[in-house]
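What follows is a single structure, written as structure tokens, with notes after it.
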Amino acid sequence: MQPILVIAKSIIVGVFRKEWPATDGNPRQAAGDRIVPIQSHFWLLRSEIVVSTFIGPGWLPEQLGSLHKAGSTKMTQIIITTAGIDTSKSKLDIAVHDRAERWQVANVLPGWRALAGYLAKAGVTRVGIEATGGYERGVVEHLREAGFTVLVLQPIQVKAFGRVHLCRAKNDALDAVLIAACTATLDPPKTTPDSRLAELAENLTFLDQIDEDLRRFKTRLEHIHEPRLRRMVLGEIARWNARRLAQVRYIAKQLRSHPDLAARFDLVLSIPGIGERTALAIIIRMPELGRVSREEAAALAGLAPFDNDSGQQKGQRHIAGGRARLRRSLFAAALPAVFRWNKALTMLYARLIASGKHHNAALIACARKLLIYANTVVQRGTPWIEKDA
């Protein structure tokens, strides 16, 4: 009988022992008997699949593989040495995946320089670091300038990876090991981060914080009746409004100093219902604009309705995840766009309400449409053209 090559991922957690019937109904040799257990590079047992006639359950078709030299060459993978960094306000804990190297450096410029030297000496080319409220920004920029590929991971990614591997213990050193192992399983980033947008994003976040402060002052004003205190609060509101306007102008001026960003900015501004503030949020908080599909753009902004089905049950769709500040900007722009500026959104909103959708659900759909319109005009490189109803 001609041997069959089973192609699988390099790491398969656990050793399978269940016997699956073949297509002819006869039991085959237990899968575990054809799997060689070896010690994992992390902390669990893993399995190395060897050549076998087994392919899976009886309902999966058996397929012939290739054992010649060319086939084995195609499966050769380039080994990339990966490190993980656990970040805190004052220090960084570093671990190299599949090795014993461990370091701890201060989270300041001298520590970053020392870390870059340690990583280069160890042959590390890819570094994973968990987003930690901004404490990671300095070391990320320094390592990228030094030539390392740096992946900034969401905390939910690292936490889910630890749960998959049943890792319950937690301290800074173990977190670094976990981040390194998680980074080693991820694909490299498809695009290089734009340092220009990172600087603009910091200014845009400060603008969002000004809006939050203004809302607090206005709420506080509702419960203040003493004239002197009201004058103080009204004075603060006036000052913060002036700062807000100045900040919007500054960000727009900085963005327009780059011709490619300015062209993208003008394309987004051509869409009815998207003003300067919303356009800034779209351009700065979504660097992928124009290079992703409409579905991907909606998911990145947290405006995509995800399925919630299981068997015969059809659950209600909900949006989840994504970039919260971008989503809030689009949702805030959707209401005036629907009722005043954008005819296409007006018709969409009326159609959704007529079909039984709630007001908020219809507004979320309109916010998603605004982002899709922006992605489309940037993708095509042509401004919005208003069509007659």
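All of the numbers you see were taken from the coordinates with simple rules; none came from a lab. Model, not experiment: these values are computed from the prediction. Neighbour counts run over all protein chains shown; Cβ positions are idealised from the backbone, glycine included.
Relative contact order (percent) for segment 216-308, with alpha-carbon contacts under 8 angstrom and 6 or more residues of separation?
Working: 30 pairs, mean separation 13.1, N = 93.
Computed over segment 216-308, the figure is 14 percent.
About the Cα centre of segment 265-322, what is the dipole size in debye to 20, counting +1 per Lys and Arg Cβ and -1 per Asp and Glu Cβ, all else neutral?
On the way: 6 positive and 7 negative charges, 21 e Å.
Dipole magnitude for segment 265-322 comes out near 100 debye.
Taking K and R as +1 and D and E as -1, what net charge do the other residues with C-beta under 12 Å from the C-beta of V108 add up to? Mind dumping the intermediate values first?
Working: positive: K89, K91, R113; negative: none.
Computed value for this residue: +3.
Say the cut-off is 23 Å between C-alpha atoms; which of K89/K170; K91/K170; K91/K190; K89/K159; K89/K253; K91/K121 go over it?
On the way: K89/K170 18 Å; K91/K170 17 Å; K91/K190 30 Å; K89/K159 20 Å; K89/K253 33 Å; K91/K121 21 Å.
From K89/K170; K91/K170; K91/K190; K89/K159; K89/K253; K91/K121, over 23 Å: K91/K190; K89/K253.
Hey, can you rank 265-276, 350-361 by average C-beta count inside 10 Å, highest first? Don't skip to the end; give the middle numbers.
Details: 265-276: 19.6, 350-361: 11.7.
Per-residue mean Cβ counts within 10 Å order the peptides as 265-276, 350-361.
Dipole magnitude of segment 259-389 about its Cα centre, charges +1 at Lys/Arg Cβ and -1 at Asp/Glu Cβ only, in debye to the nearest 20? Could you put the intermediate results ahead of the total?
Values: 19 positive and 10 negative charges, 60 e Å.
My answer is approximately 280 debye.
Hey, got the dipole for segment 104-197? About the Cα centre, +1 on K and R Cβ, -1 on D and E Cβ, debye to the nearest 20? Each step should come with its number before you reach the end.
Working: 11 positive and 8 negative charges, 29 e Å.
That gives segment 104-197 a dipole magnitude of about 140 debye.
Given the peptides 130-136, 299-305, arrange them by the average over their residues of other C-beta atoms within 10 Å, most packed first. Kindly include the intermediate steps, with their values, before the conclusion.
On the way: 130-136: 15.9, 299-305: 21.6.
Most protected by this proxy first, the peptides run 299-305, 130-136.
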